[in-house]
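Derivation of every value follows stated rules applied to the coordinates shown; laboratory data play no part. These numbers were taken from a predicted model, which means no experiment stands behind them. Here Cβ is always computed from backbone atoms with ideal geometry, including for glycine, and neighbour counts include all displayed protein chains.
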Amino acid sequence: MTKTQRDIAFLVCLVTIVLALLDLQIVSAATVPIVRDLDPGHGIDKIPWLVSAYALASAAMLPLYGKLCDVLGPKRVFTGALTTFLLGSALCGAARSMGELIAARALQGLGGGGLMSVTMVVIAHLQGPGEKKGSDRGGNVGGLVAGGAMAVGPWIGGLLADHANWRWIFYVNLPVGLVVLTAAALVLKLPGHPVRRPIDYAGAGLAAAFSSALLLVTDWGGKRYAWSSPVVLGLVVAAAVALALFLWRQLRAPEPVLPLSLFRVRELRLGFAVQAITGSAMMCAIYYVLIYLQVARHVASSSAGLYLVPMAVGLTAAGLLTGPLTARGWTARTFTVCGAATGALAFALLATTTGPHTSLWLVRGELLLAGAGFGQLIGQLILLVQNTAPRHQLGVATTGIRFFQTLGNALGTAVFGTVLARLYAAHGPGGDVSTLARLTGTAHMDGVRAFVDATQVVFWGGAALMTVAALLALRLPRTRRLPMPTTPRRDSIPA
């Protein structure tokens, strides 16, 4: 590929990442007009599935997408995932009932799972002669675009829902996606794989079963069903069994979808762990700051999303500084340690200063600091994995780190939500956060105080997670090791 073709392809990849993450976040701001239009009587009960159907399908496909990239080549998988996503978007826009919309969201998620992860594989293949896999530009700018899209997604969804029909949330993907698809077909010239290797569909199915059961546990536990209910306990057992069978399958499959030998490599093992922790902490910062603003500070839900803009600015600032700092000798280890420490500091400040009357500008500043920390982690962890993994396992390594981030997101949201609910139930009036809005007078002030105290504990939990991430990052090698030999054996990675 010429330099111009690579630049166009790189832009195509960035737009694709935006499409994937916007559709994960954008629907949350348009649920009211969707329910009002499709099912005003009972649609409110089906709202959680609008997000869950997409997230479940997206996470379930991640391990398979990585293997398909390594076997079929990333261009085929990229165009296939994008086509599936656009078909799902068209069906979402044309849905006539909540059931149809949820089914179309699941189809859209099947494609969306590949847009983010496979796109990062494509970026790794777009480097010019002499560049490393997953160059600094690719990993960091991709990570910044991802963080920015995550932060402004709810705001864009609210704008479209308020000033246009909600169906345009999905229809807007079509012209943009078709341009991306056409450009990809014309300019992407990536190496193929003439020797066809088997694909472990059984392992991919077990991975999908495990991730789906685990995500349902985190989504339903303590909210729709009690943690001790037969439904939640059954899902926990199903997740454990699926995980055990998946690990057994990966040890015996000729071409495993997530080779366990990857975990023998220190950079990959630590990179996966830090990414999972980062995913948990990032959801803590986004989700529970928004809840604090709406419950304790009475910020409208349509305006609360704007408070995430400083986090997006922090992500961008961290990315802009990556190049100059790399030129001064900063390595992936330096960025990861510094990013985790910065995130821990931001959470500690949130925990110590958040109160019923805290300046909202102070909250914005703390989110800016958190974004600066996450901005150093997101791109550098992808670079670390891509520069360490063997070339013939670049796909499974890249989608693997995305898979662990997804699981971390779900587990972090569930664990912190349980902590918040239990603490409020123990010390607040009414026993349930949902009753706080109905309290008045002294009872309401006591409830807000109990909620703020519980939120502070959650933020201390985020600080502890980021401290663990910093300690793990200190175990990374001081100098990045050279990529290992790319002998096309199925599982032959030296310790």
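Kindly express, to the nearest 10 degrees and within the range 0 to 90, the angle between helix 230-252's C-alpha long axis and the longest C-alpha principal axis of the chain. Between the helix axis and the principal axis of the chain, the angle is about 10 degrees. Derived scalar couplings between HN and Hα for the stretch 345-351 equal 5, 4, 5, 4, 5, 4, 5 Hz in order, rounded to whole Hz, by the Karplus curve 6.51 cos²θ - 1.76 cosθ + 1.60 (θ = phi - 60°), x for Gly and Pro. The C-alpha atoms of the chain define a longest principal axis, and helix 3-25 lies at about 30 degrees to it. Using every pair of separate Cα atoms, the Kirkwood estimate puts the hydrodynamic radius of the chain at 23.1 angstrom. With the alpha-carbon atoms of the stretch 255-401 aligned to their principal axes, the span from lowest to highest coordinate is 54, 37, 25 Å, starting with the largest. D by Stokes-Einstein for the stretch 200-256, Kirkwood Rh over Cα pairs, 4 °C, 1.567 mPa s: 111 µm²/s. Take every Cα-Cα pair in the stretch 417-476 and report what % of them are more than 17 Å apart. Above the 17 Å cut-off, the stretch 417-476 has 46 percent of its Cα pairs. This ranking places K75, K189, K67 by how few other beta-carbon atoms lie within 10 Å of each, fewest first, which gives K189, K75, K67. State the number of lysine pairs found in the chain whose Cα atoms come within less than 22 Å, restricting to pairs 8 or more positions apart or on distinct chains. Lysine pairs meeting the criterion: 14. Counted by Cβ distance under 10 Å from C92, the other residues give a net charge of 0, where Lys and Arg count +1 and Asp and Glu count -1. About the centre of its Cα atoms, the chain shows a dipole size close to 1560 debye [charges on the beta carbon of Lys, Arg (+1) and Asp, Glu (-1) only; nearest 20 debye].
Helix 47-72 and the long axis of the chain differ in direction by around 10°, with both axes built from C-alpha atoms. Legend: ranking of residues K3, K223 from fewest to most surrounding C-beta atoms inside 10 Å; resulting order K3, K223.
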